[in-house]
Amino acid sequence: MGKLLLTFTMSLDGFIAGPDVGVEQPMGKGGERLHEWIFSDSAERGVDPEMANEMLDAVGAVILGRRTFDVGLGPWCDTPYPVPCFVLTHRRREDLAMKSGMFTFVADGIASALDQAKAAAGDKDILVIGANAAQQYLMAGLADEIVLQLAPVLLGAGTRLFDNIGAEHVELVRTRMVGSPFVTHLKFSVANKTAAAA
């Protein structure tokens, strides 16, 4: 069975997007810098292509928040990964078929979205993208791993990944740390997952 992964590129000061996120600026002001590790054609990329391919090969479904869907759909012109995607929302709407997968809108909570994503993913992993969605799964004790690409930049403002996660301690075990000129790739397993869910 696959894992539920919170997967993000983050600035050194904890932001996963710059300020003023919107349809015109999906990553916020300066936030596109965070993803240079994916799109660079530099010969100095090191392990970055291997890490990107590993993530792509492992994913069987994606869960994302409605805001992430709203601002990301234009640049993606498709699903963010070529798999079924489940959008957490309070507003019902019809499923949206894309070239590489389907957006299904889930209005009855994170547990329902997770159940649907598990059925779609089979033995593959489920990625959670969008800060609010990730925070909800982390607070509910449902996240198995946190996968970060830590970029050597200070954005100063924007959307923080670990805001709004409550006062309970979340114990992590680092299972990977490897660097490139663009990011440091980190992976953590959530050690007290059951305690967080209680």
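Quick one: would you say Thr89 is over 23 Å from Met51 (Cβ atoms), of a type in the set (S, T, N, Q) and touching an Asp or Glu at 6+ places or on another chain (Cβ under 6 Å)? Step through it out loud before you land on a result.
Numbers: over 23 Å from Met51 (Cβ atoms): yes; of a type in the set (S, T, N, Q): yes; touching an Asp or Glu at 6+ places or on another chain (Cβ under 6 Å): no.
Judged against the criteria, Thr89 is not a match.
For Gly65, indicate whether it is surrounded by fewer than 16 Cβ atoms within 10 Å (Cβ to Cβ), small (Gly, Ala, Ser) and under 26 Å from Gly166 (Cα atoms). No.
Between Lys3, Lys99, Lys29, the distinction of being within 21 Å of Ile146 (Cα to Cα), charged (D, E, K, R) and surrounded by fewer than 21 Cβ atoms within 10 Å (Cβ to Cβ) belongs to Lys3 only.
Against the conditions (1) part of a loop (DSSP other than H, G, I, E, B); (2) surrounded by fewer than 18 Cβ atoms within 10 Å (Cβ to Cβ); (3) under 13 Å from the mean Cα position of the chain (by Cα), Leu56 satisfies every one except (1). Of the listed requirements (1) out of contact with any strand residue (DSSP E or B) (no Cβ under 6 Å at 6 or more places or on another chain); (2) touching a residue at least 24 places away in the same chain (Cβ under 8 Å), Leu6 misses just one: (1). Every listed requirement among (1) at pLDDT 85 or above; (2) closer than 25 Å to Phe162 by Cβ; (3) surrounded by 13 or more Cβ atoms within 10 Å (Cβ to Cβ) is met by Pro82 save one, (2).
Sort through Gly46, Gly130, Gly122 and tell me the only one that's at positive phi and buried (at least 21 other Cβ atoms within 10 Å of the Cβ).
On the way: Gly46 fails: buried (at least 21 other Cβ atoms within 10 Å of the Cβ); Gly122 fails: buried (at least 21 other Cβ atoms within 10 Å of the Cβ).
Of the residues listed, the single one that is at positive phi and buried (at least 21 other Cβ atoms within 10 Å of the Cβ) is Gly130.
Considering only the range 66-73, I want to know if a residue exists there that is under 16 Å from Met98 (Cβ atoms) and touching a Cys at 6+ places or on another chain (Cβ under 9 Å). Yes; the residues of the range 66-73 include at least one that is under 16 Å from Met98 (Cβ atoms) and touching a Cys at 6+ places or on another chain (Cβ under 9 Å).
The values are calculated or read from the model by the stated rules, or taken from the named source; none is laboratory data. For clarity, every value in this text was computed on a predicted model and none was experimentally measured. Virtual Cβ from ideal backbone geometry, glycine too; neighbours counted across all protein chains shown.
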